[in-house]
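The values are calculated or read from the model by the stated rules, or taken from the named source; none is laboratory data. These figures come from a predicted structure and were not determined experimentally. Positions of Cβ are generated from backbone atoms using ideal geometry, with glycine treated the same way; all protein chains shown enter the neighbour counts.
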Amino acid sequence: MKLLEYFHSWQELQLLLTPLLAGLLVAILCAALSVLVVLKRLAFVGQGVSHSAFGGIGIAAVASVLAASSGTAVSIGQGSVAEFLIVVAFCIASALGMAAVGARRSGQSGQSVQVDTGIGLFLVAAMAMGGLLVQYANTLARSRGVTEAQRSWESILFGSVTTASWADVYVSLAVLVLTVLVLWYFRRVLLFWTFDETSAPAFGVPVTLARTVLMTLLAIATVTAMKICGVVLATAMLVLPGAIALKLSRRFEVVFALSIISACTGVVGGLWLSIETDAQTGPCIVLLLCVLFALAVLRARLTSPAAASPALPAKANP
Amino acid sequence: MPTAAVEVKQATFTYPGLDAPALEDVSLTVVEGERLGILGPNGGGKSTLLKLVLGVLHCQSGTVSVFGLSPLQARQQGLIGYVAQRSEAEIGFPLSVRQVITLAASWRLPPWKSLPAAERDRVEGLIRLVGLGQLATRPIGALSGGQLQRALIARALACSPRLLVLDEPTVGIDAAGQAQFAELLASVHSKLGITVLIVSHDLRAVAAGCDRVACLSRRLHSHTSPQGLTPQVLAELFSHDIAGLAALPAASSLAGMHIHAHAAGEPCPEHDHAHDHGHAHQPAAVSLNISAPRPPRTSGDAP
């Protein structure tokens, strides 16, 4: 069993401990938001935000080469805190842009594009920009002899949790604490808005604030989850735990707890599977979460035929 | 002199990009404590007027005030309780009936404060008032249409409003459920003394539960009691929707009668009672059905 090899020494155990801790922190972070993402049907927004990270990565890549070639003390290398902040800032801007498109759609100011079209535009524009900027950064790095600044597409796409450092653990912990505090502070506004967005303004609920808060948290969580699952699969961490939990219970507290439990199970199980099979960790985690979702659907079907409805909750039919 | 709960003065509103106004020169007063129904055809500007009263839209000319305040101020002070069409809430949400209603009473509190005991008691009283005492712990998505309607009314009342606004409250509720809804509204009005504003295209919803009826089709056509709802008034109001209405018997009053308009070709929700009440379809594109009142059924809440 390859897992046992990590217990031979403290140094080797740390190689397991840091990915495990970073993974669990990200799992709790994503699971806490996942319930709202699923209920608010923001899965595609999550996809758009995670893919728009390409744009941020591209900017960070160019900045990294320029910083390295000019001898600046600030490191903007791959996996650095500076890169994380650049990507987060870019993703927040993209998320708020998508939210603004959504707000105009639901308002009366005469929208020019549909919400999903707007998200699709942000997604492909950011990916195209990111692709060109990373290519430019690599060319620039070669011409200036800054080879360490070059980006690995594979780690961007699928993540590399096994290389997580203590810095990643601290960043994940800080983001988790921040997210939990913000969720707690705005919990009533977010719940009201998520439950009934149409009526919320009439009650005086600040819907723009609620939308901005959730989209910002979503952007930060997505960038943090990219370390584990990469750009392509980060959305899965924001969708599957909530979808699994909503299949198993209709009590909010229970749904919230089940979402966290299923996300942690996915990370621990996926990490173990990847160690044993030498497979990439991100896809292992996501596939395990998909299996858990299938089991949750099966259980819902077996226990209550009426509950075996679509994964997302349906609106009331008049 | 009675206080004006809602005062609309010469309000005109045109949606961006459209030439024709949705509302034109509408003036309307809702006296505090009364129940006013706004009746009109689809596309007649009912929802637009509602959004002006709620402060979601702002009229290009004219003024709207709620208890002497701007609609936005009234909304921010929790003076307005709103019940949207029930199809617009996320009923799959994993919250209980009590949690949904409590949320309306508690969302303005600082996050570190819980709802005071007196407020919790008031919420429990509202849950009982709308007849959901036994279902308070049930998930909101597990309620029937009529039960959900009552839960949403309790939620609207939970923020202690002085004005209760209901948007198409009887959509998707069967005839028995509608009768129960009218009873509930009368009970809420008598116990809380709250001003009620109902917007509906369903004549029955406004005729059964309102003191006065305003007929709106872009302009205000009449502003009268349900007794004043004659076929002539309705013919003028629904002239685009209900052909052949003028051929109806010239009844002097429709008060106390069940009236319902629906498009021809669509199944009539009252068809099963037609033989009981002389229910007759008009041959034109849209028909108007008038029937005598019938006793409420107790099975209206069956899912």
Query - Any pair with Cβ under 7 angstrom, 6 or more apart, that starts in segment A:265-291 at a residue that is touching a residue at least 40 places away in the same chain (Cβ under 8 Å) and ends at one that is surrounded by fewer than 17 Cβ atoms within 10 Å (Cβ to Cβ) and basic (Lys, Arg) - result: A:Ile275/A:Lys2; A:Glu276/A:Lys2
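Out of all the residues in segment A:259-273, is one or more part of a helix (DSSP H, G or I) and within 14 Å of another protein chain (Cβ to nearest Cβ)? Show your work before the answer.
Filtering segment A:259-273 down to residues part of a helix (DSSP H, G or I) leaves A:259-273.
The next check asks that each one be within 14 Å of another protein chain (Cβ to nearest Cβ); those that pass are A:259.
Taking every residue of segment A:259-273 in turn, at least one turns out to be part of a helix (DSSP H, G or I) and within 14 Å of another protein chain (Cβ to nearest Cβ).
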Query raised in the report: What do you reckon, is B:Leu152 of a type in the set (A, V, I, L, M, F, W, C), over 30 Å from B:Pro41 (Cβ atoms) and in contact (Cβ under 8 Å) with a residue 40 or more places away in the chain?
Result: no
Report task. Hand me the list of strands (runs of 3 or more DSSP E) wholly inside segment B:1-110 holding 2 or more residues that are surrounded by fewer than 22 Cβ atoms within 10 Å (Cβ to Cβ), free of Cβ contacts under 8 Å to residues at least 60 places away in the same chain and not small (Gly, Ala, Ser). Result -> B:4-13
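Within segment B:139-152, which residues are farther than 16 Å from B:Ala105 by Cβ and either in contact with a Gly (Cβ under 7 Å, 6 or more places away or on another chain) or at the interface with another protein chain (Cβ under 9 Å from one of its Cβ atoms) (or both)?
B:Pro139, B:Gly141, B:Ala142, B:Gly145, B:Gly146, B:Leu148, B:Arg150
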Requested in this report: Within segment A:163-193, count every residue that is more than 7 Å from chain B (Cβ to nearest Cβ) and in contact (Cβ under 8 Å) with a residue 12 or more places away in the chain.
Outcome: 20
Report task. For segment A:64-81, state whether one or more residues are under 26 Å from A:Leu271 (Cα atoms) and either touching a Cys at 6+ places or on another chain (Cβ under 8 Å) or acidic (Asp, Glu) (or both). Result -> no
Requested in this report: Return a yes/no flag: does segment B:59-71 have any residue that is under 16 Å from B:Val196 (Cα atoms) and within 11 Å of another protein chain (Cβ to nearest Cβ).
Outcome: yes
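Among B:Gly141, B:Gly145, which is the only one that is modelled with pLDDT under 90 and either in contact with a strand residue (DSSP E or B) (Cβ under 7 Å, 6 or more places away or on another chain) or closer than 21 Å to B:Val165 by Cα (or both)? Give the steps one after another, and end with the answer.
Working: B:Gly141 fails: either in contact with a strand residue (DSSP E or B) (Cβ under 7 Å, 6 or more places away or on another chain) or closer than 21 Å to B:Val165 by Cα (or both).
The conditions single out B:Gly145.
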Query raised in the report: In segment B:101-125, which residue that is under 24 Å from the mean Cα position of the chain (by Cα) and more than 7 Å from every other protein chain (Cβ to nearest Cβ) is nearest to B:Val199 (Cα to Cα)?
Result: B:Ile101
Report task. Go through segment A:24-47 residue by residue and tally those that are farther than 15 Å from A:Leu217 by Cβ, crowded, with 21+ Cβ neighbours inside 10 Å and either acidic (Asp, Glu) or at pLDDT below 90 (or both). Result -> 1
Report summary line: Scanning segment A:194-206 for residues that are assigned to a helix (DSSP H, G or I) and of a type in the set (A, V, I, L, M), the one farthest from the other protein chains (Cβ to nearest Cβ) turns out to be A:Ala200
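Name the single residue that is farthest from B:Val66 (Cα to Cα) among those in segment B:145-185 being charged (D, E, K, R) and touching a helix residue (DSSP H, G or I) at 6+ places or on another chain (Cβ under 7 Å). Quick ask: steps written out before the conclusion?
Looking only at segment B:145-185, we keep the residues that are charged (D, E, K, R), and these are B:150, B:155, B:162, B:167-168, B:174, B:183.
The next check asks that each one be touching a helix residue (DSSP H, G or I) at 6+ places or on another chain (Cβ under 7 Å); those that pass are B:150, B:155, B:167.
On the way: B:Arg150: 25, B:Arg155: 20, B:Asp167: 17 Å.
So, considering only residues that are charged (D, E, K, R) and touching a helix residue (DSSP H, G or I) at 6+ places or on another chain (Cβ under 7 Å), the one farthest from B:Val66 (Cα to Cα) is B:Arg150.
Any idea which of B:Gly43, B:Gly81 is farther than 24 Å from B:Ile194 by Cβ and either small (Gly, Ala, Ser) or within 13 Å of chain A (Cβ to nearest Cβ) (or both)? Lay out the reasoning, then the answer.
On the way: B:Gly81 fails: farther than 24 Å from B:Ile194 by Cβ.
Just one listed residue meets the conditions, B:Gly43.
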Report summary line: Within segment B:38-68, the residues that are within 20 Å of B:Thr3 (Cβ to Cβ) and small (Gly, Ala, Ser) are B:Gly55, B:Ser65, B:Gly68
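Go through B:Arg128, B:Arg155 for me and flag whichever is within 14 Å of another protein chain (Cβ to nearest Cβ) and assigned to a helix (DSSP H, G or I).
On the way: B:Arg128 fails: within 14 Å of another protein chain (Cβ to nearest Cβ).
Result of the check over B:Arg128, B:Arg155: B:Arg155.
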Query - Hits in segment B:1-35 (condition: of a type in the set (D, E, K, R) and more than 14 Å from chain A (Cβ to nearest Cβ)) - result: B:Glu7, B:Lys9, B:Glu24, B:Asp25, B:Glu32, B:Glu34, B:Arg35
